[in-house]
1. Within a 10 angstrom radius of the beta carbon, how do 57, 130 rank from fewest other beta carbons to most?
2. Using a 10 Å cut-off around each Cβ, can you sort 69, 10 from fewest to most neighbouring Cβ atoms?
3. Would you mind getting the Kirkwood hydrodynamic radius of the stretch 41-237 from its Cα pairs, rounded to one decimal in Å?
4. Based only on other Cβ atoms within 10 Å, what is the fewest-to-most ordering of 198, 67?
5. Filter 54/229; 16/229; 207/229 down to the pairs with a C-alpha to C-alpha distance above 30 Å, please.
6. Modelled label-to-label distance, residue 125 and residue 202, 7 Å Cα→beta-carbon offset: nm?
Amino acid sequence: MAEAPEVAGVVELGIKAAEAYGRPDLAARLSALRERLSRSDIHVFIIGDYKMGKSTMVNALIGSTVCPVDDGISTTVPTLVRHAPEPTARAIYPPTAPDGDPVSEEIPFGELADYVSEAGNPANKRGIRMVEIGLPQPVLAGGLVVVDTPGVGGLASPESAATMAAATAADAVIFATSAAQELTAPEMELLETVAVSCPHVVIVLTKTDMYPAWRQIAELDRSHLAARKFDARVIPISSELRIQALRYGDAAEFATVEPEYAASRASGRNGDGHRHCIANPARRRLIHSLIRAHRLLSAANGTGRCSLCTGRRPPRRTRLSAPLAREFPT
């Protein structure tokens, strides 16, 4: 394998050739590759359509509510999160002069939504290129850099060009798609376009806590990928359950409870018979109680699986262990 300096030299020659032959698009892509070769950290981009749970996934991954999330909030500016000794946030603007450097502005954490969301910064009227956030989170200490991107909305959208240009700097891409429906044709086109710039792509099926049919959706997604000969893993996740696990300190217990159980038992159903929601605080407390019950019941029977998971009731005469009796007095 060629050494990095040798590869960088070849890339530099390619940039000069692309500029000489009037290919600024190719020169830009090679410049992004040169930048990737010169850095030691790993940039992982979160890409997908609108309202696919990208920002919630970033918060769950990092273990901190750094990206604004709400039903009426969508991301309008790429948000880069990296490790820093102290929490910091700054907005990066384009250079004011043709050959100048980008302009940065320190911003308070409490006002992030005013810079990165459609509600506070509609159509990016502030003209921000990117918001950079530094956090002293352990998951970032090894050089991981997570970039939350605006929803693309198809290759023909204006956001698509900005996202595709930014993705040239990605070392890996997490493509977010919802368990609400199978991959659409525009999503498949977006996936194939992303893979041209960054071949290291993994597909994450979000919101499994809301849709109990997520297993069928995952299989349909895999069949669509196979039909297009697109080699990528499909990983179902629940960012909301991960956040609740971190909040209550029950990460191990949440990991042992299957997503189907979490969706059907903990979340409840609304009138349409299948959509689940755990945004309600009362439902969150219910989830915590159920996980605590799972932990205690599993410890009581020594199997690591409780009757809540298996759906089988314990024998009527089963005596509760001392910890379980204290937790759930009869």
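1. Ranking 57, 130 by Cβ neighbours within 10 Å, fewest first, gives 130, 57.
2. 10, 69
3. The Cα-based Kirkwood calculation yields 17.2 Å.
4. Final ranking by Cβ density, sparse to dense: 198, 67.
5. From 54/229; 16/229; 207/229, over 30 Å: 16/229.
6. Output for this residue pair reads 3.9 nm.
Bear in mind these aren't lab numbers, they're just calculated from the coordinates by the rules spelled out. Owing to the predicted nature of the structure, the values given are computational and were not obtained by experimental measurement. Don't worry about glycine lacking a Cβ; one is built from the backbone with ideal geometry, like all the others, and counts go over all protein chains shown.
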